[in-house]
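In what follows, a single structure is set out as structure tokens and then discussed.
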Amino acid sequence: MLELCALRTGLIGPVDLRLKAGEIAMLSGASGAGKSLLLRAIADLDPAAGDVRLEGRSRARIPAPEWRKRVALVPAESGWWAPRVGAHFRDSPDVSAWLAALGLPEALGWEVARLSSGERQRLALVRALQLAPQVLLLDEPTSALDPASVEAAEALIRAEAGRGVAVLMVSHDPAQRARLGRARYRLSAGRLEAEP
């Protein structure tokens, strides 16, 4: 479904990767190895050479706004542009169900300024899911969560993968990488290596 063909930036690559529909691939590497840069390059937020394909179509042939809906990035620190949480979401049963699954059923009425880092992370995940992406790029989406919230977020990620969404997720937690990903990769010196 998602294919990286010699993708490279000034600091990483070339990177080749194939990610199938419904697959969860985990990405690790030392701080500063370029994991976030790789996700941003895939999402077409930073300049990159090489090719990225979705279902065989080159990213170059898909308008950027459409690409970013189909290949949604959840950064480690999400941006919020309105003072109230609800302004960032569509009113839909899916959004309500996702918020409830993550323990945030009342969050749409909250002010963004009162959100904790963990609440922001969970809400950013739901904000990406409401785009109905085919691919989720997740940059440490559970780093600020308590164990119960991690479990809930992982369950939601698994459920979306079960519906055919491909996931590439950065995590520094070896136990999480083992729980979620059959495919595990490490970025080192700008190169992507498969882990056993």
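Read-outs: derived from the displayed coordinates by stated rules, not from any lab. Keep in mind the model is a prediction, meaning the values are calculated, not measured. In this analysis, Cβ positions are derived from the backbone assuming ideal geometry, glycine residues included, and neighbour counts consider all displayed protein chains.
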For the stretch 41-89, how many residues meet the condition of being farther than 20 Å from Gln121 by Cβ and of a type in the set (Ser, Thr, Tyr)? 1
Considering only residues that are more than 30 Å from Leu37 (Cβ to Cβ) and among the acidic types (Asp, Glu), which ones fall in the stretch 91-139? Asp91, Asp94, Glu106, Glu111
Any residue at all in the stretch 83-94 that's assigned to a loop (DSSP other than H, G, I, E, B), surrounded by 13 or more Cβ atoms within 10 Å (Cβ to Cβ) and in contact with a helix residue (DSSP H, G or I) (Cβ under 9 Å, 6 or more places away or on another chain)? yes
Say we look at the stretch 29-66 and pick out the residues that are part of a strand (DSSP E or B) and in contact with a Pro (Cβ under 9 Å, 6 or more places away or on another chain); which of these is nearest to Gly10 (Cα to Cα)? Ala49
If you scan the stretch 102-124, which residues turn out to be of a type in the set (S, T, N, Q) and either in contact with a Phe, Trp or Tyr (Cβ under 7 Å, 6 or more places away or on another chain) or under 19 Å from Arg158 (Cβ atoms) (or both)? Gln121
Output for the stretch 134-153, where each listed residue is among the charged types (D, E, K, R), surrounded by fewer than 21 Cβ atoms within 10 Å (Cβ to Cβ) and within 22 Å of Ala166 (Cα to Cα): Glu140, Glu151
Could you list, in sequence order, the residues of the stretch 95-107 that are outside any helix (DSSP H, G or I) and either β-branched (Val, Ile, Thr) or over 12 Å from Arg127 (Cβ atoms) (or both)? Gly103, Pro105, Glu106
Of all residues in the stretch 104-133, which are surrounded by fewer than 17 Cβ atoms within 10 Å (Cβ to Cβ) and either on the phi > 0 side of the Ramachandran plot or among the small types (Gly, Ala, Ser) (or both)? Gly109, Ala113, Ser116, Ser117, Ala132
Just the residues that are in contact (Cβ under 8 Å) with a residue 12 or more places away in the chain and either in contact with a Gly (Cβ under 9 Å, 6 or more places away or on another chain) or closer than 28 Å to Ala113 by Cα (or both), please, taken from the stretch 46-70. Pro47, Ala48, Ala49, Gly50, Arg68, Lys69
Looking for whichever is charged (D, E, K, R), touching a residue at least 12 places away in the same chain (Cβ under 8 Å) and within 23 Å of Gln176 (Cβ to Cβ) here; the options are Glu111, Glu140. Which one fits? Glu140
